[in-house]
Structure formats: structure tokens, C-alpha cells
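Data block below; observations after.
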Amino acid sequence: MHDVFRSIVISRLLYCSPAWSGFCLAAHHTKLEAFLRRCRRLGYCSDDIPTLTEMFEEADDKRFSRIVANNNHVLQQ
């Protein structure tokens with residue numbers, strides 16, 4: 001169940017998160033964090049899943065490092 005949760009729910013939360021996570025209000029973050037806490041409590045996911053903010057930051061960092069590493073990217077000078 002943990003693998004299914006990670007592959008479906010977490011991937012849906014992180015899909016394009018570098019683009020939309022900055023526009024989320026604090027209320028949205030609170031609701032999403034409450035959802036993840038509830039899933040942990042019910043046993044749908046393991047306890048080692050990071051917080052939503054940590055996942056968003058990691059996705060942003062990965063996206064930025066891919067841009068920096070790609071010399072043919074549009075944002076490269």
C-alpha cells in the first residue's frame with residue numbers, strides 16, 4: 001500500500017509543483033499537510049515521507065539543477 005500511495009498520491013502532489021506551489025496559499029498548505037498526516041495515521045503511507053514543504057523544495061531544487069546542468073536550456077545564457 002505504501003508503494004501505491006507514493007506512486008499515485010505523492011506523484012500527483014508533486015506533478016508540476018515547481019510551477020504551482022508558489023501560488024498556494026497558507027490555507028492550501030495546511031489542508032495538504034493535514035491530508036498527509038491523516039494518511040500517515042491511517043497507515044496509507046510510511047512515516048518517513050517528508051513534509052509537503054520539504055517535498056516542494058526538493059522538487060524546486062531538482063528542477064533548478066536540471067536547468068543549470070543543461071547547456072541547451074532556454075534559460076542558459
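Values quoted throughout were computed directly from the atomic coordinates according to the rules given, and no laboratory measurement underlies them. All values derive from a computational prediction rather than experimental measurement. Here Cβ is always computed from backbone atoms with ideal geometry, including for glycine, and neighbour counts include all displayed protein chains.
Spin-label model, residue 1 to residue 71: label points 7 Å out along the Cα-to-beta-carbon direction sit 5.1 nm apart. Which angle from 0 to 90°, rounded to the nearest 10, does the C-alpha axis of helix 26-42 make with the longest principal axis of the chain? Once rounded, the angle reads 50 degrees. According to the square roots a ≥ b ≥ c of the eigenvalues of the Cα gyration tensor, what is the shape class of the chain, taking rounded for a/c under 1.5, prolate for a/b larger than b/c otherwise, and oblate for the remainder? Taking the square roots of the gyration eigenvalues as a ≥ b ≥ c, the chain is prolate. Axis of helix 52-69 versus longest Cα principal axis of the chain: the two differ by about 20°, to the nearest ten degrees. When each of the peptides 48-58, 18-28 is scored by the mean number of other C-beta atoms lying within 10 Å of its residues, the order from highest to lowest reads 48-58, 18-28.
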